[in-house]
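Remarks on the structure that follows.
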Amino acid sequence: MPVVGTRPLFFFREPRLLVCTSPCFSRELLCCVCASPAPVSRQIVVNMAATGNEEQTLLPDIEKEAEGMEREMESAEEEEEGMGVEHSEEEDEEDTSEDERENEAEIQRLEEQLSINVFDYNCHVDLIKLLRQEGKLHRLRKARQKMSELFPLTEEIWLDWLKDEIRLTEDESDREKVYELFERAVKDYVCPEIWLEYVQYSIGGMGAQGGIERVRSIFERALTAVGLHMTKGATIWEAYREFEIVILSTVQVFTLGSYSDLLQNISMLERIHTLFRRQLAVPLMDMEGTYAEYSDWADDGVPEMVPCQYRRALQQLEKCKPFEEALLVSETPKLAEYQAYIDFEMKEGDPARVQIIFERALVENCLVPDLWIKYTTYLDRQLKIKDLVLSAYERAVRNCPWTMGLWKSYLLALERHEADHQTVTDVFEKALNAGFIQATDYVEIWQSYLDYLRRRVDFKWSRELDELRAAFARSLDYLKQDVEERFSESGDLSCTIMQIWARIEALHCKNMQKARELWDSIMTKGNAKHANMWLEYYNLERSYGDASHCRKALHRAVQCTSDYPEHVCDVLLSFERVEGSLEDWDAAVQKTETKINRVIEQRARVAEKEALQARQEEEKAEHRRKAKADKKGQKKSQKANRMGDKRKAEDEYEEEWGEDAELPSKRLRGEEDFGSTATEELMETESGLFGRRAPPRKTEPPGFRKNQQGSSEAPRQPQDVSKEPRKDENSVFVSNLAFNLDDPDGKLRTLFQGCGTVQQVRPVFSMKGVFRGYCYVQFEDRLAVPEALKLDRQEVDGRPMYVSPCVDKNKNPDFKVFKYKTAMEKHKIFISGLPYTCTKETLEDLCKQHGTVKAIRLVTNRSGKPKVRYTRFVMRSNYKPETLRAPHSFVQKRKLEF
């Protein structure tokens, strides 16, 4: 076969530029191979066979020629430098040494940073770049190795690493290390470029024993991994075909005409035919060119079955083209486009195509946990191939280690595919060090691991049982020490792990004494006041204990329960009806009556206290109303004193407009000083949750009163308001703004410019020039008004901004202020007792398990702060109200009422 140095030449049917790289090459050898591969390759091989040692001398000749060209280029560069400004060698050395010192200092800083935080991804990348720039190969290899153990590497980092290692390859043992590095590279992500580099490198070692079969094996694996890649898969197919064609051409040169040689040629021809047929059955870009190439290559024409498969592949290609085009025009990370593509392929039902589109999406969205969860779930439930499933989970937890759900599913997959116990334990230990974002995640991962240990226990033997008990004890210590130290809580307020342990001891081990000790510990952790905890303990005693301990548990429950005492009392009485004697019944009745009377007294005191607080609030509200009424009366008296001035101003406007002109009911501030005729009509507006009317405006321009009184102070300069005509249908009314808002005009223009072109902003000021907290925004197009109304309740300087339609009261007397419905709404619930620090996200997490949450409305005052501790939910039709009345509905240790 044609060989240069230790690496065979690579031929193509079309004229192409070929890069032949080999460990023994000092630089790349470029050669152009023309069409008609068989004659060219045959001539090359015959010439090489005739010259004997020409293979060994070809490379040095090429290197000498390349070195001569380099010397010529260097001499030309020296001449050009001589024409410019000359620099001394000492200065060049000083600059180089200075750069090296700076880079070395930066390298040391990055290494120290990584010693503090080994999970700093960007720090790893910067360190590798600097070490590669400085040529520190040993430290560079160590840095790459350390990063690859913590993170999956990107395609660019892997290709740089592989190329550096290939240049350092000297003997066969080094080649095996590079092979191992390639195997690690192809496991992180599905990258056609890495697979192509892998097969090209393997071709360089085909001269070794079994080398050709190894190349073919790698090609087949590459086709399995990326052969279905619609845009890049054709590269692997073409490379594989060209490799087989070159092998066939080389063998034909040395064929002596024996029967075995003939069979070998037939076998190689059939392999090439098979590759063409396999490729044409797969929907890939530029399939037409491949089909035309096959038609030209096949001497006997295309087989009958190929056109049928080719047409089916073309039809599938047409279906996929819209999704491929969407990926081409969209910007990274293209998550929405990939999601649509994945949904399409899952409906089509081809597992191989579903897998390749998932892999393509994960290359650009490797930090999206939901995408990994969707992919691993599909593999787990549909394909169920051990190596494929476990490999996907391993990559998923490396990319998103903070996602507890992935680790939990990983443990289940390991158990499902019968992985050895040590492997499961190692994965669990890695999960504990993954750094979850909430304490409950640690509780769930411990529960998953304990469930696994329980399922592998044969309770007739003690070794596995001892391991299970030790794991339960370790989990409690871990939650109490490590988790509570980090999150200030253990994450297991209901002591779920201890409850499971107690039930296992009672059910499987028949050890009620240990179960009772565990429940005593549970009750001492603040759970004794909850009725559901006592009833759980009672049910355990009822199932596996005796009547004496059941009675003791219920008596303690009646004494300690504070949330649902009536229910616990009923359970005690029901138990005594079935199990107790007369003395037991009398004791239970007396205990329950005492408890109920005490509860009634406590509730009466609480109700009295709440009534007193309500009366105090009413008195304060009445006092505020009186003060407000007095202040309003004072303002009216002051306004009456200025009526003469106001009438005079109106007369001036009447003369200006004429007798038949309609007298405006309002005037824009700052326009009278310029003689403007702009008017502003009285408007009634709607604002979010509460209907409000725009505050009345005074007709005097700023400074009017001061000028009348002859004050020496200069009047406030009028605001530069646009002289555009008023258009209420193009305007919105904005209120509840802060009085100290700086530059209301500019700030509101910036805020509303996304809705449409703002024609003018008319803020309203008081007589003293103070902003009144509301204004009008007018757009050039009325289509911008609905977009502006969507900004209702958006915060501006910490206050919710009310955006309402601009309605003329005189022209629209029937306009109704928005009100919420007062009738029964079956899909809405009202929740009270919320803490002031409660957020929408917390409430959504609480209620989404009972139904689909459509909307959440937290009641706030005009300043944006919580007004009262209640909220409303809007649930969809699958809402089950009885599930929300459970006694365990708490938020931040506050009991909720529905």
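The values are calculated or read from the model by the stated rules, or taken from the named source; none is laboratory data. Predicted, not measured: the structure shown is a model, and the values here were computed from it. Cβ coordinates were reconstructed from backbone atoms using ideal geometry, including for glycine residues, and neighbour counts include every protein chain displayed. With ligands, DNA and RNA removed, areas are computed over all heavy atoms of the protein, side chains included. Shrake-Rupley method; radii C 1.70, N 1.55, O 1.52, S 1.80 Å.
Structure notes:
- When each of Lys374/Lys828; Lys828/Lys854; Lys480/Lys525; Lys347/Lys386; Lys319/Lys384; Lys747/Lys790 is checked by Cα-Cα distance, pairs over 20 Å: Lys374/Lys828; Lys347/Lys386; Lys319/Lys384
- Computed from the C-beta positions of Thr750 and Asp781, the FRET efficiency with R₀ = 25 Å rounds to 0.85.
- Full extension of the chain between Thr332 and Arg109 gives 77.1 nm of extra length, using 0.36 nm per residue less the Cα-Cα distance.
- Legend: residues Val803, Val363, sorted from most to least accessible area (1.4 Å probe; ligands, DNA and RNA excluded), read Val363, Val803.
- Loop trypsin sites (Lys or Arg not before Pro), region 415-457, which have at most 14 other Cβ atoms in a 10 Å radius of their Cβ (DSSP): Arg456
- Remark: region 238-317 is approximated by an ellipsoid whose semi-axes, taken from the C-alpha gyration tensor as √(5λ), come to 28, 12, 9 Å, largest first.
- Computed from phi, the 3J(HN,Hα) profile of region 275-291 under the Karplus parametrisation 6.51, -1.76, 1.60 (θ = phi - 60°) reads 4, 4, 5, 5, 5, 6, 8, 10, x, 9, 5, 6, 5, 4, x, 5, 5 Hz, with x in place of Gly and Pro.
- Ranking of Tyr564, Tyr240 by solvent-accessible surface, largest first: Tyr564, Tyr240 (1.4 Å probe, protein heavy atoms only, all chains present).
- Treating r as the C-beta distance of Leu269 and Lys384 and R0 as 30 Å, the FRET efficiency rounds to 0.20.
- Note on Thr594 and Gln634: their simple-model spin labels are 6.2 nm apart, each label 7 Å out from Cα toward Cβ.
- Accessible area per residue in Å² at 1.4 Å probe, computed on region 537-580: 48
- Solvent-accessible surface (1.4 Å probe) assigned to Glu610 amounts to roughly 110 Å².
- Take the Cβ atoms of Ser574 and Asp482, set R0 to 41 Å, and the FRET efficiency comes out at 0.40.
- Full extension of the segment from Phe119 to Glu100, taken as 0.36 nm per residue of separation minus the current Cα-Cα distance, would add 4.2 nm.
- Heavy-atom accessible area with a 1.4 Å probe sorts Met206, Met285, largest first, into Met285, Met206.
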